[in-house]
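Accompanying notes for the structure given below.
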Amino acid sequence: MVASEQIFQDLLASGVSSAFAGVAESLRRRSSSFGGENDKEGRESTSACAGKIVKGQEKVAEGNLGSSEKTSWKSSMSGRESMKKIGEEKDVEGNVWNGDDEILDDNPLQDQKPAAKGEEVDFDDDFKDEENTVQGKQESTRMKIVAYSVSLIFLVAASIGSYFISNEAGIFAVGSMCEEMQNSVMAQIHERLLGNIDPLRIYLQTGVKMAQESEMNLSSWDDLQTTLYYQHNFLDTYLDESRCCSGVFVNIDYDHFVDGVDDSIHCHELEARDCTHTVTGSLEGEIARANLTGNALWAGILHYSKSYTADFRAKNGNKGGNVHHGDFAQVLPGDINGAQNNTLTFKYYEGSPKMNPWLGDANVREVEEEECGERCFEDASDGHWTQPVGFVHWPIQDGYWYREVQIHNMQQGDVRAAPRAFPWTLYPPAVLKTHLFTPINDPDGKRIGGWVVGFKLHWLSQFLSGLRMDGDCMSVGCFSFIVERETGHLLATSDPSIAVLTNDDTTNGEPIQQIKASECSDLRVSAIAQKVVDANGGDWMNVHNFKSRSDVAIELSLVQLAIEKLTVSEPFIMTSDFKRMTKEPMNSTVTDVPYGIDWVVVLSIPEEVVMDSINGKKVKNNFILVGYSFGLWTIEEFLIPLLIGVLAGTLIARSKG
């Protein structure tokens, strides 16, 4: 009790007296505002109360407020509350009330409720309320900072998410356009390849039909040699630099009756050099044993590519170079009457377009020179250079044509392609070569040989290198190559300088082997090839119309997606099958890839080419993103509240005016 009284005295002494003055003055004004005779008692009571308060104020100023006077002061305060209630009731009843007569808001005691009887007045609550108000303001400031931070983070995150969603939508859209472009390019490649190969089918089927309708007996030299003109003119006018050779080989049979083994399957230079299950058990042994029976004949044309061989000579000099570039040679039998193990002779025409009859090796004469070099023989009839080669076991030494005829039991009019490309090493430079072929029958319908047309595959690289995708796409990194599905061997690329053989010089004694696409020294081939194979079970046999980027990787998180887009250059890769699509028989005249060819065309377009318009603006877009996010935050947290405040002030000012 003593402590409370002391606090009370201190409060009064430190400035509460001024509050009393305000209260007394307010009460006086209130008493004067009451109207009518009926309010007399109220005015007197109010005046008395005010007088007591003034006296109490004087006592407080002098510090002489006794205990009884304290009680009286408290009663006065209770009276003040009563008067306030009376005033409120008068207001309701319609009496005049002046708002200026309100008790001053800065009176620290105006909100203090009167103490109950026997209860002390607690003045500590006012100070606690003030302290709580300060703490509340500080807490509100902290909450605003947190709210501002959270809103800023949310805006930035939302903007970044929107950016990457838009970016991925752009990538997907551009990727779809890229896919359309790839489809278009693949269609062009397919049509061009088919456009170069299908005429070979037409050439073979037309030649056989021509012989049938003319009732030619291709097993005799007189009729066989007439095909040379047809062969020469086709090669000379169509295949051009990719031309290789064409030939008709007849009266060729195997010694099934000698050892009972089909050498076309069990003995082959490219496929089965060990000649397992044959009598000799070796390729050389089979050739030496002359397992070729019948009265073998052949009539063929061999063309030497002009620019290709000339480029090789310019690079390597005359050593081993082919002096016949741009020329053609006849592939002729040593004995035109046909003979078992017949020998082979080349007859070079040295630029002359006119062919002369061939009378066989019996008409060849030796050149009378001490050092004749290669040109030691010539045809006595016309003086053209001839070169006796000796015996050649065509079925097991020249590609796959006869083996495929036997394995697939091909009938007249059927056309197939060799299942594998192989190195052509007759003269430098060595190149990849493949065959198309059809069987030859005698007048009795017996299969006696085959008509073959070969072409070099270096034209594929020349074609791909000249291909233009989307303007100058090839010059900025677009790349294409062709792979043989069964072996994985590289056949051609859009860069002709990339080797497809380990060695192209047929004179240096080094091995000449094919190169697998995944082992190519050029990463544009090997890296892409490995990616394609890895994505398809590690086997080219599983690769069919593969696409590396056809969908947006939505399973990635934003962080992973951001890292990938900033650090990984992912090319757009597509593969297409170049193989027969219809089930038409081998003798069909429908335009389609011949049976036997099964290639995979790979097209790779760098991300930089496709995404150039997007990637070029990534940095700029990042700055725009940050500025946009900061601008949104500033508008939300500062500009909008400021505008609202200005608008509210304007409205208040107008209402008072």
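The values are calculated or read from the model by the stated rules, or taken from the named source; none is laboratory data. Computed from a predicted model, the values in this text were never measured in an experiment. Neighbour counts run over all protein chains shown; Cβ positions are idealised from the backbone, glycine included. Accessible surface areas use protein heavy atoms only, side chains included; no ligands, DNA or RNA. Shrake-Rupley method; radii C 1.70, N 1.55, O 1.52, S 1.80 Å.
A few notes on this one:
- In segment 200-228, the residues that are within 51 Å of the chain's Cα centre (by Cα) and either of a type in the set (Phe, Trp, Tyr) or at positive phi (or both): Tyr203
- Residues located in segment 454-481, provided they are closer than 30 Å to Asn233 by Cβ and either assigned to a loop (DSSP other than H, G, I, E, B) or at pLDDT 95 or above (or both): Leu457, Gly466, Leu467
- Selection count where residues are modelled with pLDDT under 50, surrounded by 11 or more Cβ atoms within 10 Å (Cβ to Cβ) and either polar (S, T, N, Q) or in a helix (DSSP H, G or I) (or both), scope segment 529-584: 8
- Residue check: Ala314 meets all listed conditions (1) at pLDDT 75 or above; (2) open to solvent by 70 Å² or more (accessible area, probe 1.4 Å) but one, namely (1).
- Selection within segment 334-343 - among the hydrophobic types (A, V, I, L, M, F, W, C) and either crowded, with 18+ Cβ neighbours inside 10 Å or part of a loop (DSSP other than H, G, I, E, B) (or both): Ile336
- Listed by position, the strands (runs of 3 or more DSSP E) contained in segment 352-412 that have at least 3 residues being surrounded by 14 or more Cβ atoms within 10 Å (Cβ to Cβ) and touching a Phe, Trp or Tyr at 6+ places or on another chain (Cβ under 7 Å) are 385-391.
- Sole residue being of a type outside the set (Gly, Ala, Ser) and either farther than 18 Å from Pro439 by Cβ or at pLDDT 95 or above (or both), chosen from Leu235, Leu218: Leu235
- The set of residues in segment 585-608 that are in a loop (DSSP other than H, G, I, E, B), out of contact with any Asp or Glu (no Cβ under 7 Å at 6 or more places or on another chain) and either open to solvent by less than 20 Å² (accessible area, probe 1.4 Å) or without any contact (Cβ under 8 Å) to a residue 24 or more places away in the chain (or both) comprises Ser588, Val593, Pro594, Ile597.
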